[in-house]
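Accompanying notes for the structure given below.
The values are calculated or read from the model by the stated rules, or taken from the named source; none is laboratory data. Not measured: the values here are computed from a predicted model. Note that we place each Cβ from the backbone using ideal geometry, even for glycine, and neighbour counts take in every protein chain shown.
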Amino acid sequence: MASRDIVLHPPELKHHFDDIAQQKEASTLGMWAFLATEILFFGGMFCAYTIYRSAFHDAFESTSRFMNVTIGAINTAVLICSSLTMALAVRAAQLGQKKVLIWLLIGTLLLGCVFLGLKGVEYHEKWVDHHIPGPSFHYADARYAQQAQILFYLYFAMTGLHAMHMIVGAGLLTTLIVMAARNRFNASWYTPVDMIGLYWHFVDIVWIFLFPLLYLIGHTK
Amino acid sequence: MSHPVVPIKVYVSVFLALIALTGTTVAVSKIELGEFNFVVAMTIAVIKAMLVVWFFMHVKQSSSMTRLFVVAGLFWTAILFLFTLSDYFSRNWIPLARWW
């Protein structure tokens, strides 16, 4: 084989792409297509929330009293911090700073675990207060007992689905840390860090909407 | 598309804005504004989401094709909401005898 037939390309560049930029663009597009389905996935739940909130307005507002706003607010701040460390991790990957990247990913993972831990504390509170929908559900305001139960259904469905995404995200971050430690990334190829960053920020955005809708509506009542 | 490296200052500014907006939304929720409580809370949430998408998710530096995908996701969510809510909210507009 003549040497002109051999096309040399960096190992991280797949054959079927012209260059690294095109490959990165394809990954980014694919990730956003996935995120569009995720927006619709959560969108269905937000839509259900909208319908029931407009139908049982007063009952829904009465539940805010039983939400732990302090933990909710702390968790919001924790997730925003984790989004910052994730964004900085992508930046470190861009610059090829391996150690900084690993530490920022570990920081993001730990903040994610703090969020899940606090969520667990909240779920336990709901258990103790009999606010878990089902036969043992008990609500202080007898007028709204049935309707408030719908809110708590939505609360567990929405925060539960969100928490599941956080657990998946924690797994993905662990994979990234291992990959980074094994020198799988360099300044010209760090696509997984970038893509999982997009996922992590998306999960943060879901919480940005869940927090006011579940914790703050009807707070003054 | 490999985007240029963004200065740390930008990320930290966005972070501080997000924290400040979280504080604002909690503070405003304690003031009685009637239905405006909901409007304010949602406006702040949308601003926060836009900050995250624009800066943290690098849509600011992304190609128009990527932006089209972002808008497509929101567009289909809008269809989901519009069609479902127009059904639920208009059910009692025409006074028909309940058939069940």
### Query
Which of (1) over 25 Å from the mean Cα position of the chain (by Cα); (2) surrounded by fewer than 18 Cβ atoms within 10 Å (Cβ to Cβ); (3) more than 9 Å from chain B (Cβ to nearest Cβ) is the odd one out, the single condition A:ALA59 does not satisfy?
(2)
### Query
Going by the conditions given, is A:ASP5 surrounded by 12 or more Cβ atoms within 10 Å (Cβ to Cβ), over 25 Å from A:TRP200 (Cβ atoms) and at pLDDT below 95?
no
### Query
How do the pairs read when you match residues in region A:163-187 that are closer than 17 Å to A:VAL114 by Cβ with residues anywhere that are of a type in the set (Phe, Trp, Tyr), using Cβ under 6 Å and keeping only pairs 6 or more apart or on different chains?
A:GLY169/A:TRP200
### Message
Name the residue that is farthest from A:TYR153 (Cα to Cα), counting only residues in region A:108-125 that are free of Cβ contacts under 8 Å to residues at least 40 places away in the same chain and surrounded by fewer than 18 Cβ atoms within 10 Å (Cβ to Cβ).
### Response
A:LEU110
### Query
Considering region A:176-202 alone, what residues qualify as being part of a helix (DSSP H, G or I) and touching a Leu at 6+ places or on another chain (Cβ under 8 Å)?
A:LEU176, A:ILE177, A:ALA180, A:PRO192, A:VAL193, A:ILE196, A:LEU198, A:TYR199, A:TRP200, A:PHE202
### Message
For region B:5-15, check the following and say yes or no: at least one residue is small (Gly, Ala, Ser), modelled with pLDDT of 95 or more and over 16 Å from A:ILE39 (Cβ atoms).
### Response
yes
### Query
When you look at A:ALA48, is it in contact (Cβ under 8 Å) with a residue 40 or more places away in the chain, surrounded by 17 or more Cβ atoms within 10 Å (Cβ to Cβ), assigned to a helix (DSSP H, G or I) and within 12 Å of another protein chain (Cβ to nearest Cβ), yes or no?
no
### Query
When only residues in region B:38-55 that are over 14 Å from B:THR22 (Cα atoms) and in contact with a helix residue (DSSP H, G or I) (Cβ under 8 Å, 6 or more places away or on another chain) count, which is surrounded by the most Cβ atoms within 10 Å (Cβ to Cβ)?
B:PHE55
### Task
Could you pull out the residue among B:THR66, B:THR77 that is of a type in the set (S, T, N, Q), within 19 Å of A:PHE42 (Cβ to Cβ) and within 8 Å of chain A (Cβ to nearest Cβ)?
B:THR77
### Query
Within region B:9-34, restricting attention to residues that are within 30 Å of A:TRP189 (Cβ to Cβ) and surrounded by 13 or more Cβ atoms within 10 Å (Cβ to Cβ), which residue is nearest to the chain's Cα centre (by Cα)?
B:LEU18
### Task
State yes or no: is A:MET86 buried (at least 16 other Cβ atoms within 10 Å of the Cβ), more than 26 Å from B:ALA20 (Cβ to Cβ) and under 17 Å from the mean Cα position of the chain (by Cα)?
no
### Task
Select from region B:22-41 the residues that are under 22 Å from A:LEU84 (Cα atoms) and at the interface with another protein chain (Cβ under 9 Å from one of its Cβ atoms) and list them in ascending order.
B:THR22, B:GLY23, B:THR25, B:VAL26
